[in-house]
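This report refers to the structure that appears directly beneath it.
Any read-out appearing in this document is the output of simple, stated calculations on the displayed coordinates, not a laboratory observation. Nothing here was measured: the structure is a model prediction, and the numbers come from that model. Every residue, glycine among them, receives a Cβ derived from its backbone with ideal geometry; neighbour counts consider all protein chains shown.
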Amino acid sequence: MSMEVKGRIEQILPVQNGTSKAGKDWSKQDFVIETEEQFPKKVCFTLFGDKLSLLNGLKIGDQVDVAFNLESRDFNGKWYHNINAWRINPVQQQAGAFEGTGFSTNDFPAPPPMDNDAPMDDLPF
């Protein structure tokens, strides 16, 4: 099952390393994003092996689009879940955009010019 979600990076956790029962070395790294929904959620994703390089150049606060797979497995009658990221794309912010609104500074009219000769206490009514 492949899904995507957009959000802002909240945490980048340290790399973890180990050796499998088969004697193969492994490494993984978790990172957390906060989604951009009406009620934001924090989601922890895992990167394995060569996918750790996907975080290179990214930092806390960056807006990203994460593609991931959900996976569940049974161990001794208890279920465990993984959210495995396989693609991370930085989201380009439009210059002058009002965050989360879809508007930019070009969408609003310019204020009328000020008449410097008019007295400041002259009310229009």
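Rounded to whole numbers, the Karplus 3J(HN,Hα) couplings from phi for the stretch 27-36 are 9, 8, 9, 9, 9, 10, 10, 10, 6, 10 Hz, using 6.51 cos²θ - 1.76 cosθ + 1.60 with θ = phi - 60°, and x at Gly and Pro. Sorting the segments 52-58, 37-43 by their mean number of nearby beta carbons within 10 angstrom, highest to lowest, gives 52-58, 37-43. Neighbour counting of Cβ atoms within 10 Å sorts the residues Val91, Val66, fewest neighbours leading, into Val91, Val66.
Treating r as the C-beta distance of Phe48 and Gln92 and R0 as 22 Å, the FRET efficiency rounds to 0.20.
Taking other Cβ within 10 Å of each residue's Cβ, how do Thr35, Thr19 sort, fewest first?
Details: Thr35 15, Thr19 9.
By the 10 Å Cβ count, ascending, the order reads Thr19, Thr35.
Full extension of the chain between Ser20 and Ser72 yields a length gain of 16.8 nm, computed as 0.36 nm times the residue separation minus the alpha carbon distance.
When each of Ile33, Ile12 is scored by the number of other beta-carbon atoms lying within 10 Å, the sequence from fewest to most is Ile12, Ile33.
Taking amide hydrogens as placed 1.01 Å from N in the peptide plane, the amide H of Asp62 sits under 5 Å from those of Ile9, each at least 5 positions away in sequence or on another chain. The relative contact order of the stretch 2-103 comes to 26 percent, based on Cα pairs under 8 Å that sit 6 or more residues apart.
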